[in-house]
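Data first, discussion second: the structure below is written as structure tokens.
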Amino acid sequence: MTPSVSVLMGSTSDENVMKLAIETLRGLAVECEMRVLSAHRTPEALRDYVIEAGQRGVKIFICGAGGAAHLAGAVSAITTSPVIGVPLVSPNSIAGGLDALLSIVQMPRGIPVATVAVGEAGAANAGILAAEILAIGDDELAGRLRKLREGMAAKVLAG
Ligand code: RP5
């Protein structure tokens, strides 16, 4: 079965955080695939992959990158599928990932990237957001998302 979601990251050094997006998607029974591809180190391979993945049936791209984080914007330039950007803290980050946050969130008009929080919360939320987009046409997935929310509420109320 073709995965519905592709989880991309600019470097293997991003994997520790981006695996949270994958774990979140798997927890919701959403098929996904993962690739390490860089907008600046492997631009041709990135373009080939995004086109080929779309042809295979991948519907949403989650992109995590740090520093001058242009992976999500580059992917959004190639596809009209929804792109979710996760700003990461890289070894050369300034201001705790503010550099990546601004790079990802400040896309020029016309080429959108849905930007989530910096780091682990953002990676997990990217998985949930991708599932929520898919759940528009999938009642069973919508039910699993409701259960996830109910579990969170129960934890809070249990103190
Ligand atoms: C970005 O540069 C990557 O997404 C990573 O967050 C950062 C550092 O990459 P490495 O130098 O660790 O490969 O492109």
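Descriptive notes on the structure:
- Whole-number percent relative contact order across the chain, with pairs defined as alpha carbons under 8 Å at least 6 apart: 23 percent
- GNM on the chain, alpha-carbon springs under 10 angstrom: the most fluctuating residue among Glu44, Glu52, Glu140 is Glu140.
- Listed by chain and number, the aspartates and glutamates whose alpha-carbon sits under 17 Å from that of Lys19, ignoring those within fewer than 8 places in the same chain, are Glu31, Glu33, Glu120.
- A simple spin-label model places the labels of Glu44 and Ser81 2.3 nm from each other, with each point 7 Å out along Cα-to-Cβ.
- GNM top mover of Ala69, Ala126, Ala135 - the chain, alpha-carbon springs below 10 Å: Ala135
- Pairs of Cα atoms farther than 22 Å apart, the chain, %: 38 percent
- Alpha-carbon Rg with Dmax, taken over the range 15-69, Å: 12.2, 32
- If you take the Cα centroid of the range 39-57 and the Cα centroid of the range 14-29, the two points sit 21 Å apart.
- Label point distance in nm, Glu140-Asn92, each placed 7 Å from Cα along Cα→Cβ: 4.6 nm
- Label-point separation in nm, Leu102 to Glu15, each point 7 Å along Cα→Cβ: 3.2 nm
FYI, it's all coordinate maths here, none of it is from the lab. Bear in mind the structure is a predicted one, so any value in this text is a computation, not a measurement. When we count neighbours, we look across all protein chains shown, and the Cβ atoms used for this are built from the backbone with ideal geometry, even at glycine.
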